[in-house]
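*Asks:* Following this message is one structure expressed as C-alpha cells.
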Amino acid sequence: MRDRHTSSFLSSTFRPWRRAAARRRRSLAVVPLLLVGSCLPPGDRTSYECIAPAAPGGGWDLTCRAVARLLYEQRLIERPMRVTNLPGAGGGIAFAHAIARRRADANVLIAASPATTLRLAQEQYGDLSHDQVRWLAALGADFGTLAVRADAPWQGLRDLVEAWRADPRRIVVGGGSAVGGQDHIKVLVLAQVAGIDPRSIRYVPFDGGGEAMTAMLGGFIQVFSGDGSETLGHFEAGGIRVLAAFAPERLTGLLADVPTAREQGFDVDWVVWRGFYLPPGVSDAAAERWADAMRRVEASPEWVDVRRRNGLGPFLLAGTEFGTFVDAQVGTFRQLSETLGLVQ
C-alpha cells in the first residue's frame, strides 16, 4: 500500500495520553470533593447549556446528555443543563456559533470528538481554526465500528471487503460525519489497508449517527460507519450486525463478541474521544472550574457506569493538557488527510 503505517500512527497518537490518564484517575480517587460552590462557573447561573453539533441519537448527543445529567446530579452545577442540538457542516455550525454568538458565555459547553479536529485539520470550517476556542476536556473513548442490517449478506468484515473488491460501486456507506469526516475517513483507511482504491468507496453523509442508522435500517444505505456507542440499542434489539470494531482489542459489554478489524486481518484502529470545548472569551478561571468539574465527573462511579453501558473506555485529559493534545491531533489528521488525497 502507499502508506501501510497509516493506521498504526493513528493508534500510537493516544498511547502516552492513556498512561497519563490512568495516573490521574488513581490520584483523583483519593482527592476529597471541594465545596460545591468552588466548582460553579461564574456568570449567569440561571441557565446552563450543552450544544450537541448534530441531530439527536449520535455520539455528540450522547456525550452532552450524559455529562449534563451528572453535572447536575453531583451538584457541580446548581441548575439542570439543557441540551441543544445544532447540526450542520459536520460540526461547523456549532463551532462558528460558539465563536460569533457565544464568545464570552461561561455557561455553555460544546460537544466535540475527533470528527471536530479532523474537519479543522482539513480546513472544512472555512477560515476558522482549532485555536479559536478553548479546549476543555475529554473524558471517555469510543471506538469506530462498521455495522449492517441483520439480514445483510455479510457475516464478517472479510465478507464485506470481498464484496467491495468485486464491485465497490454497489455498496453505499453512510455515517454521521460530512464527506472527509471521521466516519468517512476510517472507511477510506480500511479500503487502503485492504488494497481497494479509496476513491471507489461510495459514502453518504448524514447529520448525526442516528440519522445514518435510520437510513441503513430503511435500506437507503448498506453499511453504517459509526462508533460503538451508536450501535448498542439496535444491536441489542437484533436489528443490526456489527461486523468489526476498530479497536486494539475487543470491546466490553454488549459488543464483547464482536471481533476487531485486526483479528480479521485489517490493521485499522479508530479511537473516538468524547469531550468538549468552550467559547473563546471564557476566562481562565471559569475554564479551570469547568475542567475541575469534568475531572470529578470522570472520577465518579456514575460515570464509570455510563461508560460501561455505552461501550466507552477510560480516557481523561482536561485543561491545558487537553489543548496540547488537540494541537498534536490536528497536525496528525492533516498528515493523514494529505496521504489519502483529501487535502492538497
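*Asks:* Of the residues in the stretch 124-137, how many are among the aromatic types (Phe, Trp, Tyr) and surrounded by fewer than 24 Cβ atoms within 10 Å (Cβ to Cβ)?
*Replies:* 1
*Asks:* Continuing with this model, one more query. Quick check on my filter: what residues within the stretch 195-228 are hydroxyl-bearing (Ser, Thr, Tyr) and closer than 24 Å to Asp142 by Cβ?
*Replies:* Passing the criteria: Tyr203, Thr214, Ser225.
*Asks:* What is the one condition in (1) of a type outside the set (S, T, N, Q); (2) in contact (Cβ under 8 Å) with a residue 40 or more places away in the chain; (3) over 15 Å from Ala141 (Cα atoms) that Gly313 does not satisfy?
*Replies:* Condition (3) is where Gly313 drops out.
*Asks:* Mind listing whichever residues of the stretch 243-265 are touching a residue at least 40 places away in the same chain (Cβ under 8 Å) and over 18 Å from the mean Cα position of the chain (by Cα)?
*Replies:* Leu243, Gly253, Leu254, Val258, Pro259, Ala261, Gln264, Gly265 - these are the residues of the stretch 243-265 that are touching a residue at least 40 places away in the same chain (Cβ under 8 Å) and over 18 Å from the mean Cα position of the chain (by Cα).
*Asks:* Would you pick out the residues in the stretch 32-56 that are in contact with a helix residue (DSSP H, G or I) (Cβ under 9 Å, 6 or more places away or on another chain), modelled with pLDDT of 50 or more and open to solvent by less than 50 Å² (accessible area, probe 1.4 Å)?
*Replies:* Passing the criteria: Tyr48, Glu49, Cys50, Ile51, Ala52, Pro53, Ala54, Ala55.
*Asks:* May I ask you to list the residues in the stretch 244-295 that are of a type in the set (Ser, Thr, Tyr) and in contact with a helix residue (DSSP H, G or I) (Cβ under 8 Å, 6 or more places away or on another chain)?
*Replies:* Scanning the stretch 244-295 gives Thr252, Tyr277.
*Asks:* Kindly provide the set of residues from the stretch 138-164 that are outside any strand (DSSP E or B) and open to solvent by less than 10 Å² (accessible area, probe 1.4 Å), ordered by number.
*Replies:* Scanning the stretch 138-164 gives Leu157, Leu160, Val161, Trp164.
*Asks:* Of all residues in the stretch 71-123, which are open to solvent by 40 Å² or more (accessible area, probe 1.4 Å) and part of a strand (DSSP E or B)?
*Replies:* Of everything in the stretch 71-123, those that are open to solvent by 40 Å² or more (accessible area, probe 1.4 Å) and part of a strand (DSSP E or B) turn out to be Arg82, Thr84, Asn85.
*Asks:* Please state which one of Ala138, Ala89, Ala115 is under 15 Å from the mean Cα position of the chain (by Cα) and farther than 16 Å from Leu278 by Cα.
*Replies:* Ala115
*Asks:* Can you tell me which residues in the stretch 54-82 are within 15 Å of Ser113 (Cβ to Cβ) and without any contact (Cβ under 8 Å) to a residue 60 or more places away in the chain?
*Replies:* Cys64, Arg65
*Asks:* Which is under 23 Å from Val173 (Cβ atoms), of a type outside the set (Val, Ile, Thr), at pLDDT below 95 and open to solvent by 50 Å² or more (accessible area, probe 1.4 Å), of Glu338, Glu230, Glu249?
*Replies:* One residue alone meets the criteria, Glu338.
*Asks:* Exactly one condition in (1) closer than 25 Å to Val304 by Cβ; (2) open to solvent by less than 40 Å² (accessible area, probe 1.4 Å); (3) in a helix (DSSP H, G or I) is not met by Leu62; state its number.
*Replies:* Of everything listed in (1) closer than 25 Å to Val304 by Cβ; (2) open to solvent by less than 40 Å² (accessible area, probe 1.4 Å); (3) in a helix (DSSP H, G or I), Leu62 misses just condition (2).
*Asks:* Hey, another quick one. On the basis of being more than 23 Å from His184 (Cβ to Cβ) and either loosely packed, with under 15 Cβ neighbours inside 10 Å or not small (Gly, Ala, Ser) (or both), does Val282 make the cut?
*Replies:* It is true that Val282 is more than 23 Å from His184 (Cβ to Cβ) and either loosely packed, with under 15 Cβ neighbours inside 10 Å or not small (Gly, Ala, Ser) (or both).
*Asks:* Right, Arg169: surrounded by fewer than 20 Cβ atoms within 10 Å (Cβ to Cβ) and under 20 Å from Gly341 (Cα atoms) or not?
*Replies:* For Arg169, the condition - surrounded by fewer than 20 Cβ atoms within 10 Å (Cβ to Cβ) and under 20 Å from Gly341 (Cα atoms) - is met.
*Asks:* Counting only residues that are over 17 Å from the mean Cα position of the chain (by Cα), open to solvent by less than 60 Å² (accessible area, probe 1.4 Å) and among the charged types (D, E, K, R), how many does the stretch 302-320 have?
*Replies:* Residues in the stretch 302-320 being over 17 Å from the mean Cα position of the chain (by Cα), open to solvent by less than 60 Å² (accessible area, probe 1.4 Å) and among the charged types (D, E, K, R): 1 in total.
*Asks:* Continuing with the same structure: Restricting attention to the stretch 258-279, which residues are of a type in the set (Ser, Thr, Tyr) and crowded, with 24+ Cβ neighbours inside 10 Å?
*Replies:* The answer is Tyr277, and nothing else.
The values are calculated or read from the model by the stated rules, or taken from the named source; none is laboratory data. Keep in mind the model is a prediction, meaning the values are calculated, not measured. Virtual Cβ from ideal backbone geometry, glycine too; neighbours counted across all protein chains shown. Remember, those area values only see protein heavy atoms, side chains included, never the ligands or the DNA or RNA. Shrake-Rupley method; radii C 1.70, N 1.55, O 1.52, S 1.80 Å.
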